[in-house]
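Right, one structure below, let's go through it.
The values are calculated or read from the model by the stated rules, or taken from the named source; none is laboratory data. What you see is a predicted model; the values in this text were computed from it and never measured. Quick reminder, even Gly has a Cβ in these numbers, built from the backbone with ideal geometry, and neighbours come from all protein chains shown. Surface areas here come from the heavy atoms of the whole protein model, side chains and all, with no ligands, DNA or RNA. Shrake-Rupley method; radii C 1.70, N 1.55, O 1.52, S 1.80 Å.
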Amino acid sequence: MTTNLKLIPNLDIFSFAKNVLDDNLQKGPQNITEKSEFFMCSLSDINAEEFLNSPYIYDFFTIYFVEKGSIAKINQLQSLQIKEKQIFFSKPGEIKTWQKLDSPIGYLVAFTLDYLLLLIDDKNLINTFDYLMPNSRRKFTLDKPRLKLYKTIFNELYKEFNISGKYSVELIKFWLFVILIKTNRIHANGNGSNGLGQFKKSSDFIYNKFILIMEQNFKDLASQKVDRPYMVREFANLLNINPTYLGECVRKASGKSAKSIINQRIMLLAKCQLLHTYNNISEIAYQIGFESPGYFIRFFKKYENVTPLEYRKQWQR
């Protein structure tokens, strides 16, 4: 779906809350500001007419807990349906488009990376939350006992968010942390985990850090805060390690080279620009850091076997 956008807009939590609730925002808590780092709403309060079919880059994590009904979305060009008794996690920097809401009952939670860091004393613990990383399992179907547990947790979280009573700030952080740890146990699937993540090698931690800063780089690129993707040596410098060592860690953890992962991410951004904006091929090439449209076309065809224009036309049929 090509739109009339030149740039896919970034949404912070305040803008997201304003868009998703629209006129219903006044019924929610009054402490949503432009600096908000946490937000929550009932799925039944979402204004579908205002939000459907518009692509956005979210600047925060989201959790969708669907007790009944369903939500259909496009997440990073992948079709996504969150059905009843399911929970889904998305991360900052992803390009998303809502498609359909089928009378969902449940909750939507949004929080920033800075807010996540406030929850945890051991910062390395975040690297064990694999379901918050790209290319990982992030949707879970809940059995009856877990559904009952998550429903209780989200109800408590929603109550504290709306009443803003004494210790509500602390309780919100507590209940969110419970969700993250409980989901870690589901993700671990009983493979020797105590809920704080499976044992990881040093290469896994470095790989996760590489992915996080790479995603931030591409989020900045999509919003034109930087003019090109970083190279492997630049990511290594940001991590204060040798480029060769970074490459070794990435290959051990993923089976792929760091450069190939960067190139795959370039391709994903290129496809999103082709399908979500009306920019011509030359504009897109320069926006994502290519020195010339010709080089971009050759690069794209190498991975997709069609030119960028042919790819766009395929999806417009």
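Restricting attention to the stretch 165-186, the residues being outside any helix (DSSP H, G or I) and open to solvent by less than 70 Å² (accessible area, probe 1.4 Å) number 1. Scanning the stretch 279-308 for residues that are among the hydrophobic types (A, V, I, L, M, F, W, C) and either at pLDDT below 95 or open to solvent by less than 60 Å² (accessible area, probe 1.4 Å) (or both) gives Ile281, Ile284, Ala285, Ile288, Phe290, Phe296, Phe299, Phe300, Val306.
Only one of the numbered conditions (1) in a helix (DSSP H, G or I); (2) open to solvent by 40 Å² or more (accessible area, probe 1.4 Å) is not met by Gln273, and that is (2).
For the stretch 84-114, the set of residues classified as in contact (Cβ under 8 Å) with a residue 24 or more places away in the chain and not in a strand (DSSP E or B) consists of Lys85, Lys91, Pro92, Gly93, Glu94, Thr112, Leu113, Asp114, listed by residue number. For the stretch 221-263, the set of residues classified as hydroxyl-bearing (Ser, Thr, Tyr) and closer than 28 Å to Asn10 by Cβ consists of Ser223, Tyr230, Ser254, Ser260, listed by residue number. The single residue among Lys68, Lys73 that is closer than 21 Å to Leu5 by Cα, modelled with pLDDT of 85 or more and assigned to a strand (DSSP E or B) turns out to be Lys73. Within the stretch 105-118, the set of residues being in contact with a Lys or Arg (Cβ under 8 Å, 6 or more places away or on another chain) and either closer than 21 Å to Ser136 by Cα or open to solvent by less than 10 Å² (accessible area, probe 1.4 Å) (or both) comprises Gly106, Leu117.
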